[in-house]
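Read the structure below first, then the notes.
The values are calculated or read from the model by the stated rules, or taken from the named source; none is laboratory data. All figures in this text were calculated on a predicted structure; none of them were measured in a lab. Cβ placement follows ideal geometry from the backbone for every residue including glycine, while neighbour counts extend to all protein chains displayed. Ligands, DNA and RNA are stripped out before the accessible areas are found, and what is left, the full protein with its side chains, is counted by its heavy atoms. Shrake-Rupley method; radii C 1.70, N 1.55, O 1.52, S 1.80 Å.
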Amino acid sequence: MSDLLQRLPYARFLGLEGRLEDETLTVVMPFADKLIGNPLLPALHGGSTAALLEMTAIAQVALAYPRLRLPRPINVTVSYLRSGRPVDVLARARISRAGRRVAHVLAEAWQEDATQPIATLVANFLLDESNE
């Protein structure tokens, strides 16, 4: 699954690593100083957290619905729940509904405790691009 993430340039920049457990993908964003958005706290940059969530969702959809091209986002909403500390971040996505052309996905990112997410994502992805 990490090979899928390696196809995404920003995933490579963030150092994202994926591991598959019972058909559920967990993506890890290892901490690096370049991910700090507020050095006074220090706190992770919201853009890196959002990118982690979006790429986790894309990878989960690509895993469940293999196509020649990766799913493309239609709309993405990220909710920031807590400040991300300077430690690794984990994320998982769940496809709540999928049709022939669109998948609705929910994702969560957390640090040490999965019951305490730092951010969530709700997104729709285009699955079928045959009419383009």
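Values computed for the structure shown
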{"read-out": "Rule-of-thumb Rg ratio for the stretch 71-123 [Cα; 2.2 N^0.38 Å; N residues]", "value": "1.25"}
{"read-out": "Length gained when the stretch R69-S96 is fully extended (0.36 nm per residue, less Cα-Cα span)", "value": "7.6 nm"}
{"read-out": "Signed unit charges on C-beta, dipole axis of the chain, positive-most listed residue L106, G15, S83", "value": "L106"}
{"read-out": "Fully extended contour minus Cα-Cα distance, from R85 to L126, at 0.36 nm per residue", "value": "11.5 nm"}
{"read-out": "MRE, 222 nm, helices only [DSSP H, n ≥ 4, -39500 (n - 2.57), over the chain, to nearest 500]", "value": "-6500 deg cm²/dmol"}
{"read-out": "Area accessible to solvent at E17, 1.4 Å probe radius, in Å²", "value": "100"}
{"read-out": "Two-site FRET efficiency, A114 against D33, from Cβ-Cβ distance with R₀ of 22 Å, rounded to 0.05", "value": "0.30"}
{"read-out": "Tilt relative to the chain, helix 46-64 - C-alpha long axis, 0 to 90 degrees, to 10", "value": "30"}
{"read-out": "Built amide H within the under 5 Å cut-off of L81, gap 5+", "value": "A119, T120"}
{"read-out": "Highest average packing first - 89-98, 71-80, Cβ atoms within 10 Å", "value": "89-98, 71-80"}
